[in-house]
Amino acid sequence: MADPYLSLAQYATFSLLPAAYSTVADAIKTARISARSRWADGYMGQQFDLPLTAWDDDLRAAVAMAVDWDVMSYRGFNPEANADRAVLLRYEQAEAWFKSV
């Protein structure tokens, strides 16, 4: 398996709400980073030879947006909370970005 597209430390940088996820174990976040990196490969592999050997912050950010959604779903999603809705919107934006690659 190829390396994830971002580290746990990078996820904290690119995440919308890193403090909100402080109660979620690092092992859960790391597993979601790995899973969403493979999800990204499903899109990226349609246009590029895998594994990618280099990538930039745009890919890291898009994967982080998807990980945010997974972690928020794990932690508990509140559709009435603006921040939670923002996480969903960012996930939808990330998915649209991947589809456009």
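Assorted remarks:
- Given (1) surrounded by fewer than 19 Cβ atoms within 10 Å (Cβ to Cβ); (2) in contact with a Phe, Trp or Tyr (Cβ under 8 Å, 6 or more places away or on another chain), index of the condition residue 25 fails: (2)
- Evaluating residue 19 against the criteria (1) farther than 13 Å from residue 65 by Cα; (2) modelled with pLDDT under 95; (3) surrounded by 14 or more Cβ atoms within 10 Å (Cβ to Cβ) leaves one unmet condition, (3).
- Scanning the stretch 47-72 for residues that are open to solvent by 60 Å² or more (accessible area, probe 1.4 Å) and either under 16 Å from residue 35 (Cβ atoms) or in a loop (DSSP other than H, G, I, E, B) (or both) returns 47, 48, 49, 50, 51, 53, 54, 55, 56.
- Against the list (1) on the phi < 0 side of the Ramachandran plot; (2) among the small types (Gly, Ala, Ser); (3) at pLDDT below 95, the condition residue 45 fails is (3).
The values are calculated or read from the model by the stated rules, or taken from the named source; none is laboratory data. Just so it is clear, the model here is predicted, and its values are computed rather than measured. Counting neighbours? That spans all protein chains shown, and the Cβs are built from the backbone with ideal geometry, glycine included. For the accessible areas, the whole protein counts, side chains as well, though only heavy atoms, and no ligand, DNA or RNA atoms are used. Shrake-Rupley method; radii C 1.70, N 1.55, O 1.52, S 1.80 Å.
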